[in-house]
Amino acid sequence: GFVENSMHGSSLRSIGFDRAVLNTDLTNLTYNLLRYEQVKRLNLKTWR
């Protein structure tokens, strides 16, 4: 999938819950920004 190929996987190693949450949040933000860019670049129709 996209995360494994383009973002080098979804594995997470960190010390502390707060760091794990921050890492997950940043990964999700990056994924959403990349998908948004793809939708705009390809001029895809969305559900709205």
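Observations on the structure shown:
- Filtered residues of the range 7-35 (kept if surrounded by 11 or more Cβ atoms within 10 Å (Cβ to Cβ), assigned to a helix (DSSP H, G or I) and either aliphatic (A, V, I, L, M) or over 9 Å from the mean Cα position of the chain (by Cα) (or both)): Arg19, Ala20, Val21, Leu22, Asn23, Leu34
- In this structure, Gly16 does not qualify as on the phi > 0 side of the Ramachandran plot and modelled with pLDDT under 90.
- Cβ separations smaller than 8 Å between residues 6+ apart or across chains give the following pairs from the range 1-25 residues that are farther than 16 Å from Arg35 by Cα to residues that are not in a helix (DSSP H, G or I): Ala20/Leu12; Ala20/Ser14; Asn23/Leu12; Asn23/Ser14; Thr24/Leu12.
The values are calculated or read from the model by the stated rules, or taken from the named source; none is laboratory data. In this text the structure is predicted, and so the values were computed from the model without any measurement. Neighbour counts run over all protein chains shown; Cβ positions are idealised from the backbone, glycine included.
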